[in-house]
């Protein structure tokens, strides 16, 4: 059986490791043994539950937890055989949503806000219960015990996570790391609202020794890596669109294809030029139709001619039949007035005596 290794080392969700990403990675790997290495502080519970279920349906999956594994990062592993490094830490908590309500409110506004928050509280409580049941299924503990642990929001060591039943095996890595001494990790935990873990014998970080600029640069780079969308070359390329945008190929992510302002301007200019060309073409077609109608009115032979060239030939034939004559109804000022005297000059001129010349 082939073995496929997946690595989840960032945010879980649309802008990181998503359920779509996992489906893509497992495509064609139905008979493979899967090892997923997880080192994530979590993210979207929606994506985490979907990824949990995807691993459950696959069957032969082992999770290897390293570093700080929290929240949705732990949910993913619940449907797998789970190994955890002794260096690592494990955190579960109740479901959370973003609340952003502020401003001046009267009593009616406050009542509406209370009702709104009450509804959202009930919805979040439902999600928490679903997750608690998933932890209970993995660990064999009661849902009440799990809810109490989630409420405490406390970091567990690898051994403690194994005692709770969340982890099946603890292994010793080649190097021991105390994450409480990693300033960038401490800052990331605090930024996500998680408690900073304590290790026995570990010295707490000294605030006066923090290089703020260095810490900011490290955190900035790390956040860019976490939240940067994963771009892939599109499977299907649209050559005409690429030509308009002056690119060799388009890139896409889980969210779709993104164009910058300059590329949008190129598309706008191309569409405008095409619209002008369509207008000019329509005007030319109208002029041609009017000209053809005028030509067809000259004679039946012209009207029956299919092409413009054939119509011109038909008109030439009509003109050749009356050499020197002007079109009917058209006379110049110097042309003599044509009078019909009722004389058959052709018959008279054919008589013998009319042909004799003195």
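Of the residues that sit in segment 74-112 and are free of Cβ contacts under 8 Å to residues at least 12 places away in the same chain and surrounded by 10 or more Cβ atoms within 10 Å (Cβ to Cβ), which one is farthest from residue 51 (Cα to Cα)? Out of the qualifying residues, it is 105.
Within this structure, residue 93 passes the test of being part of a loop (DSSP other than H, G, I, E, B), within 26 Å of residue 19 (Cβ to Cβ) and in contact with a helix residue (DSSP H, G or I) (Cβ under 9 Å, 6 or more places away or on another chain).
The test for being closer than 27 Å to residue 51 by Cα and in a helix (DSSP H, G or I) does not hold for residue 69. With the condition kept exactly as written, say whether any residue in segment 50-58 is modelled with pLDDT under 95, at negative phi and not in a helix (DSSP H, G or I). Within segment 50-58 (the criterion being modelled with pLDDT under 95, at negative phi and not in a helix (DSSP H, G or I)), the answer is no, since none of the residues qualifies. The single condition from (1) crowded, with 20+ Cβ neighbours inside 10 Å; (2) without any contact (Cβ under 8 Å) to a residue 60 or more places away in the chain that residue 68 fails is (2). Segment 239-356 holds helices (runs of 4 or more DSSP H) entirely within its bounds, and those carrying 2 or more residues that are surrounded by fewer than 12 Cβ atoms within 10 Å (Cβ to Cβ) and at pLDDT 80 or above map to 261-296, 300-304, 308-320.
Total residues in segment 78-88 satisfying the condition of being assigned to a strand (DSSP E or B) and under 35 Å from the mean Cα position of the chain (by Cα): the figure is 2. Among the residues of segment 21-49, not one is out of contact with any helix residue (DSSP H, G or I) (no Cβ under 7 Å at 6 or more places or on another chain), under 23 Å from residue 158 (Cβ atoms) and assigned to a helix (DSSP H, G or I).
Can you tell me how many residues within segment 8-42 are more than 19 Å from residue 59 (Cα to Cα), touching a strand residue (DSSP E or B) at 6+ places or on another chain (Cβ under 7 Å) and either buried (at least 22 other Cβ atoms within 10 Å of the Cβ) or touching a residue at least 60 places away in the same chain (Cβ under 8 Å) (or both)?
Qualifying residue count, segment 8-42: 8.
The values are calculated or read from the model by the stated rules, or taken from the named source; none is laboratory data. From a predicted model like this one, the values you see are computed outputs, not experimental measurements. Ideal geometry is used to build each Cβ from the backbone, glycine not excepted, and the neighbour counts take in all protein chains shown.
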